[in-house]
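A short worksheet on the structure shown next.
The values are calculated or read from the model by the stated rules, or taken from the named source; none is laboratory data. These numbers were taken from a predicted model, which means no experiment stands behind them. With ideal geometry, Cβ positions are generated from the backbone for all residues, glycine too; neighbour counts draw on all protein chains shown.
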Amino acid sequence: MAILVPGGAGYIGSHTVERLIEKGFEVVVVDSLATGHRQSVNTKATFYQGDIRDRDFLDQVFNKENIDGVIHFAANSIVPESMEKPLKYFDNNTGGMITLLEAMHDHNVNNIIFSSTAATYGEPESIPVKETDSQVPTNPYGESKLMMEKIMKWADVAYGIKYTALRYFNVGGAIMDGSIGEDHGPETHLIPIILQVAQGTRDQLQIFGTDYPTKDGTNVRDYVHVMDLADAHILALQRLLDGGYSDAFNLGSSTGFSNREMLETARKVTGKEIPVVDAPRRAGDPSTLVADSTKAREVLGWQPQHDNVEDIIASAWKWTQQHPHGFED
Ligand code: UFG
(Lines give C-alpha, C1' and ligand atoms only; values in the text may rest on other atoms or scores of the structure.)
Protein backbone atom coordinates (compact mmCIF):
# COMPACT_ATOMS: atom_id res chain seq x y z
CA MET A 1 0.00 0.00 0.00
CA ALA A 2 1.74 3.22 -1.17
CA ILE A 3 0.87 6.61 0.26
CA LEU A 4 1.75 9.78 -1.63
CA VAL A 5 2.97 12.58 0.65
CA PRO A 6 3.21 15.96 -1.09
CA GLY A 7 5.21 18.22 1.21
CA GLY A 8 6.83 15.25 2.94
CA ALA A 9 10.11 17.16 3.30
CA GLY A 10 8.49 19.83 5.48
CA TYR A 11 8.29 19.93 9.27
CA ILE A 12 5.01 18.07 9.87
CA GLY A 13 5.29 16.07 6.63
CA SER A 14 8.69 14.58 7.48
CA HIS A 15 7.54 13.54 10.97
CA THR A 16 4.43 11.89 9.51
CA VAL A 17 6.60 10.05 6.97
CA GLU A 18 8.56 8.59 9.91
CA ARG A 19 5.38 7.25 11.48
CA LEU A 20 4.04 5.90 8.16
CA ILE A 21 7.26 3.95 7.62
CA GLU A 22 7.22 2.68 11.20
CA LYS A 23 3.66 1.41 10.58
CA GLY A 24 4.74 -0.46 7.44
CA PHE A 25 3.36 1.81 4.71
CA GLU A 26 5.24 2.30 1.48
CA VAL A 27 5.81 6.06 1.20
CA VAL A 28 6.27 8.25 -1.87
CA VAL A 29 7.28 11.84 -1.08
CA VAL A 30 6.98 14.67 -3.58
CA ASP A 31 8.37 18.03 -2.55
CA SER A 32 9.63 21.07 -4.46
CA LEU A 33 12.15 21.73 -1.66
CA ALA A 34 11.13 25.41 -1.82
CA THR A 35 10.88 25.30 1.98
CA GLY A 36 11.43 21.61 2.79
CA HIS A 37 14.67 19.76 3.52
CA ARG A 38 15.74 16.69 1.56
CA GLN A 39 17.71 15.47 4.63
CA SER A 40 14.52 15.35 6.70
CA VAL A 41 12.99 12.60 4.54
CA ASN A 42 13.48 9.04 5.78
CA THR A 43 15.71 7.17 3.31
CA LYS A 44 13.14 4.35 3.07
CA ALA A 45 10.73 6.72 1.30
CA THR A 46 10.84 7.14 -2.48
CA PHE A 47 11.52 10.82 -3.22
CA TYR A 48 10.62 12.95 -6.24
CA GLN A 49 11.54 16.62 -6.40
CA GLY A 50 8.86 18.65 -8.14
CA ASP A 51 5.94 21.04 -7.79
CA ILE A 52 2.39 19.72 -7.43
CA ARG A 53 1.15 22.53 -9.69
CA ASP A 54 3.08 20.78 -12.49
CA ARG A 55 0.52 18.32 -13.87
CA ASP A 56 3.04 16.44 -16.06
CA PHE A 57 5.25 15.88 -13.04
CA LEU A 58 2.32 14.57 -10.98
CA ASP A 59 1.22 12.26 -13.82
CA GLN A 60 4.70 10.76 -13.99
CA VAL A 61 4.59 10.00 -10.27
CA PHE A 62 1.06 8.55 -10.37
CA ASN A 63 1.96 6.43 -13.43
CA LYS A 64 5.11 5.05 -11.87
CA GLU A 65 3.85 4.42 -8.33
CA ASN A 66 0.85 2.46 -7.17
CA ILE A 67 -0.75 5.14 -4.99
CA ASP A 68 -3.62 4.17 -2.65
CA GLY A 69 -3.98 7.40 -0.70
CA VAL A 70 -2.63 10.93 -0.29
CA ILE A 71 -1.57 12.89 2.79
CA HIS A 72 -1.20 16.44 1.53
CA PHE A 73 1.16 18.85 3.34
CA ALA A 74 2.58 20.86 0.43
CA ALA A 75 1.76 24.51 1.16
CA ASN A 76 3.16 27.83 2.31
CA SER A 77 2.21 28.42 5.94
CA ILE A 78 3.58 31.72 7.26
CA VAL A 79 0.75 34.02 8.29
CA PRO A 80 2.67 37.36 8.15
CA GLU A 81 4.11 36.48 4.72
CA SER A 82 0.61 35.70 3.45
CA MET A 83 -0.52 39.22 4.41
CA GLU A 84 2.20 40.64 2.14
CA LYS A 85 2.01 38.08 -0.67
CA PRO A 86 -1.60 36.82 -0.78
CA LEU A 87 -1.43 35.70 -4.40
CA LYS A 88 1.53 33.43 -3.67
CA TYR A 89 -0.69 31.63 -1.14
CA PHE A 90 -3.69 31.30 -3.44
CA ASP A 91 -1.45 30.14 -6.29
CA ASN A 92 0.68 27.63 -4.41
CA ASN A 93 -1.78 26.40 -1.78
CA THR A 94 -5.17 26.64 -3.48
CA GLY A 95 -3.85 26.15 -7.03
CA GLY A 96 -1.77 23.18 -5.91
CA MET A 97 -4.84 21.51 -4.45
CA ILE A 98 -6.75 21.82 -7.73
CA THR A 99 -3.97 20.18 -9.77
CA LEU A 100 -3.51 17.46 -7.16
CA LEU A 101 -7.24 16.60 -7.09
CA GLU A 102 -7.41 16.57 -10.90
CA ALA A 103 -4.50 14.12 -11.02
CA MET A 104 -6.03 12.00 -8.24
CA HIS A 105 -9.34 11.84 -10.11
CA ASP A 106 -7.68 10.86 -13.40
CA HIS A 107 -5.58 8.18 -11.68
CA ASN A 108 -8.51 6.89 -9.62
CA VAL A 109 -7.08 7.72 -6.19
CA ASN A 110 -10.05 8.46 -3.97
CA ASN A 111 -8.90 9.59 -0.56
CA ILE A 112 -6.91 12.49 0.81
CA ILE A 113 -5.86 13.64 4.28
CA PHE A 114 -5.31 17.38 4.30
CA SER A 115 -3.31 19.75 6.55
CA SER A 116 -5.82 22.41 7.45
CA THR A 117 -5.45 24.95 10.21
CA ALA A 118 -7.04 26.79 13.08
CA ALA A 119 -6.41 29.87 10.92
CA THR A 120 -9.54 28.89 8.93
CA TYR A 121 -11.63 29.98 11.96
CA GLY A 122 -10.13 33.49 12.19
CA GLU A 123 -11.01 35.25 15.44
CA PRO A 124 -12.91 32.46 17.27
CA GLU A 125 -16.57 33.04 18.08
CA SER A 126 -16.08 31.08 21.32
CA ILE A 127 -13.38 29.13 23.17
CA PRO A 128 -12.75 26.21 22.88
CA VAL A 129 -13.22 26.21 19.11
CA LYS A 130 -15.46 23.47 17.73
CA GLU A 131 -15.41 22.10 14.17
CA THR A 132 -18.94 23.43 13.63
CA ASP A 133 -17.97 27.03 14.53
CA SER A 134 -17.97 29.59 11.75
CA GLN A 135 -14.87 29.82 9.58
CA VAL A 136 -13.99 33.44 8.85
CA PRO A 137 -10.22 33.66 8.21
CA THR A 138 -8.41 36.89 9.04
CA ASN A 139 -5.44 36.30 6.73
CA PRO A 140 -4.79 34.93 3.20
CA TYR A 141 -3.06 31.82 4.59
CA GLY A 142 -6.21 30.78 6.46
CA GLU A 143 -8.38 31.79 3.49
CA SER A 144 -6.29 29.69 1.08
CA LYS A 145 -6.71 26.65 3.36
CA LEU A 146 -10.46 27.23 3.79
CA MET A 147 -10.79 27.39 0.00
CA MET A 148 -8.92 24.08 -0.20
CA GLU A 149 -11.38 22.52 2.25
CA LYS A 150 -14.28 23.74 0.12
CA ILE A 151 -12.69 22.51 -3.11
CA MET A 152 -12.29 19.04 -1.57
CA LYS A 153 -15.95 19.08 -0.56
CA TRP A 154 -17.09 19.61 -4.15
CA ALA A 155 -14.56 17.10 -5.50
CA ASP A 156 -16.16 14.58 -3.16
CA VAL A 157 -19.66 15.45 -4.41
CA ALA A 158 -18.65 15.20 -8.07
CA TYR A 159 -15.99 12.47 -8.08
CA GLY A 160 -16.34 10.67 -4.74
CA ILE A 161 -12.87 11.66 -3.54
CA LYS A 162 -13.12 11.30 0.26
CA TYR A 163 -11.22 13.81 2.38
CA THR A 164 -10.30 14.46 5.99
CA ALA A 165 -9.39 18.02 6.89
CA LEU A 166 -7.19 18.10 9.99
CA ARG A 167 -7.26 21.58 11.49
CA TYR A 168 -4.03 21.95 13.42
CA PHE A 169 -3.66 24.36 16.29
CA ASN A 170 -0.07 25.16 17.36
CA VAL A 171 2.30 22.37 16.46
CA GLY A 172 5.63 21.95 18.24
CA GLY A 173 8.28 19.47 19.27
CA ALA A 174 10.39 17.00 17.33
CA ILE A 175 10.84 13.27 16.91
CA MET A 176 12.00 11.89 20.27
CA ASP A 177 15.59 11.04 19.21
CA GLY A 178 16.07 14.61 17.94
CA SER A 179 17.15 13.45 14.47
CA ILE A 180 14.66 15.69 12.62
CA GLY A 181 12.79 18.78 13.78
CA GLU A 182 11.47 22.22 12.92
CA ASP A 183 13.64 24.34 10.62
CA HIS A 184 12.05 27.29 8.83
CA GLY A 185 13.95 30.06 7.10
CA PRO A 186 13.23 32.67 8.32
CA GLU A 187 11.87 31.30 11.60
CA THR A 188 8.69 32.98 12.88
CA HIS A 189 7.32 30.41 15.36
CA LEU A 190 7.44 30.89 19.11
CA ILE A 191 9.03 27.61 20.32
CA PRO A 192 11.98 27.50 17.87
CA ILE A 193 12.63 31.19 18.46
CA ILE A 194 12.66 30.75 22.26
CA LEU A 195 15.06 27.82 21.85
CA GLN A 196 17.34 29.76 19.50
CA VAL A 197 17.65 32.35 22.28
CA ALA A 198 18.32 29.57 24.82
CA GLN A 199 20.94 28.18 22.44
CA GLY A 200 22.59 31.57 21.96
CA THR A 201 22.03 31.80 18.18
CA ARG A 202 19.50 34.64 18.72
CA ASP A 203 19.89 37.52 21.20
CA GLN A 204 16.47 37.79 22.78
CA LEU A 205 12.82 36.84 22.56
CA GLN A 206 10.35 39.56 21.64
CA ILE A 207 6.88 38.94 23.10
CA PHE A 208 4.39 40.33 20.61
CA GLY A 209 1.66 42.01 22.64
CA THR A 210 1.27 42.16 26.41
CA ASP A 211 -2.13 43.86 26.62
CA TYR A 212 -4.44 41.09 25.40
CA PRO A 213 -7.49 40.16 27.51
CA THR A 214 -5.81 36.94 28.74
CA LYS A 215 -4.47 35.66 32.08
CA ASP A 216 -1.15 37.54 31.77
CA GLY A 217 -1.80 39.85 28.82
CA THR A 218 -0.01 37.66 26.24
CA ASN A 219 -1.62 35.47 23.55
CA VAL A 220 -2.85 32.03 24.54
CA ARG A 221 -2.31 29.06 22.22
CA ASP A 222 -3.04 25.33 22.23
CA TYR A 223 0.09 23.23 21.58
CA VAL A 224 0.16 19.74 20.11
CA HIS A 225 3.23 17.52 19.73
CA VAL A 226 4.24 16.88 16.12
CA MET A 227 4.41 13.09 16.67
CA ASP A 228 0.90 13.07 18.13
CA LEU A 229 -0.18 15.02 15.06
CA ALA A 230 1.54 12.40 12.87
CA ASP A 231 -0.45 9.68 14.64
CA ALA A 232 -3.69 11.54 13.94
CA HIS A 233 -2.88 11.51 10.21
CA ILE A 234 -2.40 7.76 10.22
CA LEU A 235 -5.66 7.19 12.11
CA ALA A 236 -7.47 9.48 9.66
CA LEU A 237 -5.92 7.69 6.67
CA GLN A 238 -6.89 4.28 8.01
CA ARG A 239 -10.43 5.51 8.54
CA LEU A 240 -10.77 6.64 4.92
CA LEU A 241 -9.11 3.49 3.57
CA ASP A 242 -11.72 1.55 5.59
CA GLY A 243 -14.50 3.42 3.79
CA GLY A 244 -15.02 6.41 6.14
CA TYR A 245 -16.90 9.52 5.01
CA SER A 246 -15.42 13.00 4.50
CA ASP A 247 -15.06 15.08 7.66
CA ALA A 248 -13.00 17.70 9.54
CA PHE A 249 -11.27 17.46 12.93
CA ASN A 250 -9.55 19.90 15.25
CA LEU A 251 -6.17 18.74 16.53
CA GLY A 252 -5.00 20.39 19.71
CA SER A 253 -4.60 19.55 23.38
CA SER A 254 -7.65 21.53 24.56
CA THR A 255 -5.42 23.41 27.03
CA GLY A 256 -4.22 26.97 26.50
CA PHE A 257 -0.76 28.31 27.37
CA SER A 258 0.19 31.96 27.25
CA ASN A 259 3.36 33.13 25.54
CA ARG A 260 4.82 34.01 28.95
CA GLU A 261 3.97 30.55 30.28
CA MET A 262 5.75 29.03 27.28
CA LEU A 263 8.80 31.14 28.05
CA GLU A 264 8.80 30.09 31.72
CA THR A 265 8.44 26.41 30.74
CA ALA A 266 11.34 26.74 28.28
CA ARG A 267 13.49 28.35 31.02
CA LYS A 268 12.72 25.38 33.27
CA VAL A 269 13.34 22.74 30.57
CA THR A 270 16.58 24.28 29.24
CA GLY A 271 17.95 25.77 32.46
CA LYS A 272 18.79 28.91 30.46
CA GLU A 273 17.88 32.47 31.32
CA ILE A 274 16.36 33.38 27.87
CA PRO A 275 16.39 37.20 27.70
CA VAL A 276 13.04 38.73 26.73
CA VAL A 277 11.61 42.13 25.74
CA ASP A 278 8.00 43.22 25.41
CA ALA A 279 7.10 44.22 21.84
CA PRO A 280 3.98 45.58 20.12
CA ARG A 281 1.21 43.23 18.96
CA ARG A 282 1.85 41.30 15.72
CA ALA A 283 -0.76 41.98 13.03
CA GLY A 284 -3.39 39.28 12.65
CA ASP A 285 -2.78 37.43 15.96
CA PRO A 286 -6.03 36.27 17.60
CA SER A 287 -5.99 36.78 21.37
CA THR A 288 -6.74 33.16 22.32
CA LEU A 289 -6.87 29.95 20.26
CA VAL A 290 -7.80 26.75 22.05
CA ALA A 291 -9.30 23.73 20.33
CA ASP A 292 -12.08 21.44 21.33
CA SER A 293 -10.47 18.19 20.09
CA THR A 294 -13.11 15.85 21.51
CA LYS A 295 -14.25 14.77 18.05
CA ALA A 296 -10.77 13.56 16.99
CA ARG A 297 -10.51 11.57 20.21
CA GLU A 298 -13.96 10.04 19.84
CA VAL A 299 -14.20 9.43 16.09
CA LEU A 300 -10.53 8.81 15.18
CA GLY A 301 -9.61 7.27 18.54
CA TRP A 302 -6.76 9.76 18.79
CA GLN A 303 -4.86 9.61 22.10
CA PRO A 304 -2.01 12.11 22.26
CA GLN A 305 1.02 10.67 24.07
CA HIS A 306 2.83 13.96 24.75
CA ASP A 307 -0.05 16.09 25.89
CA ASN A 308 2.01 18.62 27.85
CA VAL A 309 4.15 21.58 26.85
CA GLU A 310 7.21 20.32 28.81
CA ASP A 311 7.48 17.26 26.50
CA ILE A 312 6.94 19.42 23.44
CA ILE A 313 9.64 21.91 24.43
CA ALA A 314 12.04 19.19 25.67
CA SER A 315 11.90 17.29 22.37
CA ALA A 316 12.33 20.51 20.37
CA TRP A 317 15.28 21.39 22.63
CA LYS A 318 16.93 18.04 21.93
CA TRP A 319 16.67 18.69 18.18
CA THR A 320 17.95 22.27 18.60
CA GLN A 321 20.95 21.17 20.64
CA GLN A 322 21.85 18.47 18.12
CA HIS A 323 21.31 20.82 15.15
CA PRO A 324 21.99 24.42 16.27
CA HIS A 325 21.76 25.59 12.66
CA GLY A 326 18.92 23.28 11.62
CA PHE A 327 19.48 20.92 8.71
CA GLU A 328 22.65 22.79 7.73
CA ASP A 329 24.49 20.91 10.50
N1 UFG B 1 5.32 35.08 19.23
C2 UFG B 1 6.07 35.98 19.95
N3 UFG B 1 7.36 36.20 19.58
C4 UFG B 1 7.93 35.55 18.51
C5 UFG B 1 7.15 34.63 17.80
C6 UFG B 1 5.84 34.41 18.17
O7 UFG B 1 5.59 36.60 20.91
O8 UFG B 1 9.10 35.81 18.21
C9 UFG B 1 3.93 34.85 19.66
C10 UFG B 1 2.92 35.17 18.58
O11 UFG B 1 2.63 36.54 18.55
C12 UFG B 1 1.76 34.29 19.03
C13 UFG B 1 2.44 33.06 19.63
O14 UFG B 1 3.77 33.48 19.92
O15 UFG B 1 1.05 34.94 20.03
C16 UFG B 1 2.50 31.89 18.70
O17 UFG B 1 3.03 32.33 17.45
P18 UFG B 1 3.49 31.34 16.31
O19 UFG B 1 3.98 32.17 15.17
O20 UFG B 1 4.38 30.29 16.87
O21 UFG B 1 2.15 30.59 15.93
P22 UFG B 1 0.76 31.21 15.45
O23 UFG B 1 -0.18 31.02 16.59
O24 UFG B 1 0.86 32.56 14.90
O25 UFG B 1 0.49 30.30 14.18
C26 UFG B 1 0.13 28.98 14.28
C27 UFG B 1 0.58 28.26 13.00
C28 UFG B 1 -0.11 28.85 11.81
C29 UFG B 1 -1.59 28.84 12.05
C30 UFG B 1 -1.91 29.56 13.34
C31 UFG B 1 -3.35 29.60 13.64
O32 UFG B 1 1.97 28.38 12.85
O33 UFG B 1 0.20 28.09 10.67
O34 UFG B 1 -1.24 28.92 14.40
O35 UFG B 1 -3.77 28.39 14.05
F36 UFG B 1 -2.20 29.46 11.05
In the stretch 256-309, anything within 13 Å of the ligand (Cβ to nearest atom), of a type in the set (Gly, Ala, Ser), at pLDDT 95 or above and surrounded by fewer than 18 Cβ atoms within 10 Å (Cβ to Cβ) is listed as ALA279
Failed item, numbered, when SER253 is tested on (1) touching a Ser or Thr at 6+ places or on another chain (Cβ under 9 Å); (2) modelled with pLDDT of 95 or more: (2)
Mind checking which pairs have a first residue in the stretch 175-190 that is outside the structural domain of ILE78 (by TED's automatic domain parsing) and a second that is of a type in the set (A, V, I, L, M) and part of a loop (DSSP other than H, G, I, E, B), Cβ under 6 Å, 6 or more apart or different chains? GLY181/ALA174; THR188/ILE78
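Could we say that GLY95 is touching a residue at least 24 places away in the same chain (Cβ under 8 Å), assigned by TED's automatic domain parsing to the domain that holds ALA230, part of a loop (DSSP other than H, G, I, E, B) and farther than 30 Å from THR294 by Cα here?
No, not satisfied.
Name the residues in the stretch 288-299 that are part of a helix (DSSP H, G or I) and within 19 Å of ILE12 (Cα to Cα), would you?
ALA296
Go through the stretch 211-230 residue by residue and tally those that are outside any helix (DSSP H, G or I), over 14 Å from ASN170 (Cβ atoms) and either outside the structural domain of GLN303 (by TED's automatic domain parsing) or near the ligand (Cβ under 9 Å from one of its atoms) (or both).
Of all residues in the stretch 211-230, those outside any helix (DSSP H, G or I) come to 211-225.
Then keep just the ones that are over 14 Å from ASN170 (Cβ atoms); that gives 211-217.
From the residues that got through so far, the ones that are either outside the structural domain of GLN303 (by TED's automatic domain parsing) or near the ligand (Cβ under 9 Å from one of its atoms) (or both) too are 212.
The qualifying residues number 1.
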Quick one: in the stretch 111-143, which of the residues that are within 10 Å of the ligand (Cβ to nearest atom) and aliphatic (A, V, I, L, M) is surrounded by the fewest Cβ atoms within 10 Å (Cβ to Cβ)? ALA118
Hits in the stretch 191-204 (condition: surrounded by fewer than 21 Cβ atoms within 10 Å (Cβ to Cβ) and either within 26 Å of GLY13 (Cβ to Cβ) or within 8 Å of the ligand (Cβ to nearest atom) (or both)): ILE193, GLN196, GLN199, THR201, ARG202
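Results for (1) touching a helix residue (DSSP H, G or I) at 6+ places or on another chain (Cβ under 7 Å); (2) not in a loop (DSSP other than H, G, I, E, B), shown as yes or no for each residue.
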| position | (1), (2) |
| --- | --- |
| GLY244 | no, no |
| ASP278 | no, yes |
| TRP302 | yes, no |
| ASP311 | no, yes |
Looking at VAL30, VAL61, which is the one that is touching a helix residue (DSSP H, G or I) at 6+ places or on another chain (Cβ under 7 Å) and assigned by TED's automatic domain parsing to the domain that holds PHE114? VAL30
Residue in the stretch 1-47 that is nearest to ASP177 (Cα to Cα), counting only those that are among the aromatic types (Phe, Trp, Tyr) and not in a helix (DSSP H, G or I): PHE25
Which one of these is assigned to a helix (DSSP H, G or I), closer than 18 Å to LEU4 by Cα, among the acidic types (Asp, Glu) and assigned by TED's automatic domain parsing to the domain that holds GLY13: GLU81, GLU143, GLU102? GLU102
If THR188 passes every condition in (1) over 19 Å from GLN321 (Cβ atoms); (2) within 14 Å of the ligand (Cβ to nearest atom); (3) part of a helix (DSSP H, G or I) but one, which one does it miss? (3)
Residues within the stretch 118-146 that are in contact with a Gly (Cβ under 6 Å, 6 or more places away or on another chain) and closer than 15 Å to ASP292 by Cα, tallied: 2
Please go through the stretch 66-88 and pick out each residue that is surrounded by fewer than 18 Cβ atoms within 10 Å (Cβ to Cβ) and away from the ligand (no atom under 16 Å from the Cβ). ASN66, ASP68, LEU87
